[in-house]
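Every number here is computed from the coordinates shown, using simple stated rules; none is lab data. Quick caveat: nothing in here was measured; it's all calculated off a predicted structure. Ideal geometry is used to build each Cβ from the backbone, glycine not excepted, and the neighbour counts take in all protein chains shown.
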Ligand SMILES: Nc1ncnc2c1ncn2[C@@H]1O[C@H](COP(=O)(O)OP(=O)(O)OP(=O)(O)O)[C@@H](O)[C@H]1O
Ligand SMILES: [Mg+2]
């Protein structure tokens, strides 16, 4: 990847606290994340770790409790509802895991793709042409007149990608877009996201439970307890995504250090090291050594 590309997303110290009556749930606790323009990043993490919360915040569907988020030149925390609406309409595309949440059941594939374009000032002729081009891009020109119930799950997600791209977004957010698909269809969808990334230079954040994702994408970020904790990168410079695992790649795993110098040490390392509540931190010529407080 061209490392000189500017950052598209900069999240610093984001907190999200949901309050239901007296109960508070801290969904994000000081999350940091930076993504460059045109990069594909996979987000992984246990159920409840905060992945969807992060995507919803980046999409402007939800508002963080604290922190700072820039997407392009926009400061998401300082936007009013009208600006957020405009941001959602012009800057982001979103794909949900549930295939039936992405499409209107009574509209055909092409009508679903055209629908978000109605909110723009684009001329009808140009809208129609672009909708056809998008269906072509996702390989479904011959299904344009089908309603979702006459499409397979994979085809529905392809249309969902075309819908998500209909506003020409610079950022595509996909929350487990392959969660309901079999392995072969899931791999086709990842390949398609790769085409979108390379042809349209769209930045893509994809949440996935695919255990092989590190061999399919340039960078994987693990969220643990509402915070980015670990990152896995290929040794080779690669910033896109493909449906086929490239197992020739060596993977490098990093523990992330946030802006306040905090790191999360993976639990298995902690338990093997015998470190519990306190540790000694010693500077050595190789770096920092953390030892149990014996
Ligand atoms: N609207 C909400 N109101 C209250 N709590 C919420 C809300 N949305 C999410 N949460 C809580 O926030 C935490 C993070 O949820 P989130 O949906 O982001 O997890 P996730 O990583 O996407 O999980 P999964 O892999 O199961 O989709 C969970 O404990 C969840 O119960
Ligand atoms: Mg989720």
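I'd like the antiparallel share, as a percent to the nearest 5, of DSSP beta bridges with both residues in the stretch 7-261.
65 percent
Over the Cα atoms of the stretch 176-238, how large are the radius of gyration and the largest Cα-Cα distance (Dmax), in Å?
When restricted to Cα atoms, the stretch 176-238 yields Rg and Dmax of 12.4, 35 Å.
If I model a spin label as a point 7 Å beyond the Cα along the Cα-Cβ vector, how far apart are those points for residue 65 and residue 253 in nm?
3.0 nm
Output the antiparallel fraction of DSSP beta bridges having both residues in the stretch 142-231, as a percent to the nearest 5.
Percent antiparallel among DSSP bridges in the stretch 142-231 is about 45.
With no solvent and one point per C-alpha, what does the Debye sum give as log10 I(q)/I(0) for the stretch 47-103 at q = 0.30 Å⁻¹?
Relative scattering, expressed as log10 I(q)/I(0), comes to -1.34.
May I ask you to compute the full-extension gain from residue 168 to residue 260, defined as 0.36 nm times their residue separation minus their alpha-carbon distance, rounded to one decimal in nm?
Between residue 168 and residue 260, full extension yields an extra 29.5 nm.
How would you order 62-75, 259-272 from highest to lowest mean count of nearby Cβ atoms within 10 Å?
In descending order of packing, they fall as 62-75, 259-272.
What's the FRET efficiency of residue 246 with residue 198 using the Cβ-Cβ distance as r and R₀ = 22 Å, to the nearest 0.05?
0.90
Under a plain spin-label model, where a point goes 7 Å from the Cα along Cα-to-Cβ, how far apart in nm are residue 29 and residue 183?
So the two model labels end up 3.6 nm from each other.
Consider all pairwise Cα distances in the chain and report the whole-number % of them above 33 Å.
Pairs farther apart than 33 Å: 27 percent.
Given 0.36 nm per residue, what is the gain on full extension from residue 286 to residue 125 after removing their alpha carbon distance, in nm?
Taking 0.36 nm per residue and subtracting the Cα distance, the gain is 51.7 nm.
Please grab the % of Cα pairs in the stretch 143-294 that end up more than 21 Å from each other.
Of the Cα pairs, 57 percent sit more than 21 Å apart.
Can you compute the FRET efficiency between residue 89 and residue 279 using 1/(1 + (r/R0)^6), with r the Cβ-Cβ distance and R0 = 45 Å? Round to the nearest 0.05.
Result of the calculation: an efficiency of 0.40.
Let me have the 222 nm mean residue ellipticity of the chain computed from DSSP H runs of 4+ only, each contributing -39500 (n - 2.57), with the sum over all residues rounded to the nearest 500.
Per the formula, -8000 deg cm²/dmol.
May I ask for the angle, rounded to the nearest 10°, between helix 124-137 and the longest principal axis of the chain, with both axes built from Cα atoms and the value confined to 0 to 90°?
60 degrees
Have a look at the stretch 1-145 and give its Rg and Dmax from the Cα atoms, expressed in angstrom.
So, for the stretch 1-145, Rg and Dmax equal 17.9, 53 Å respectively.
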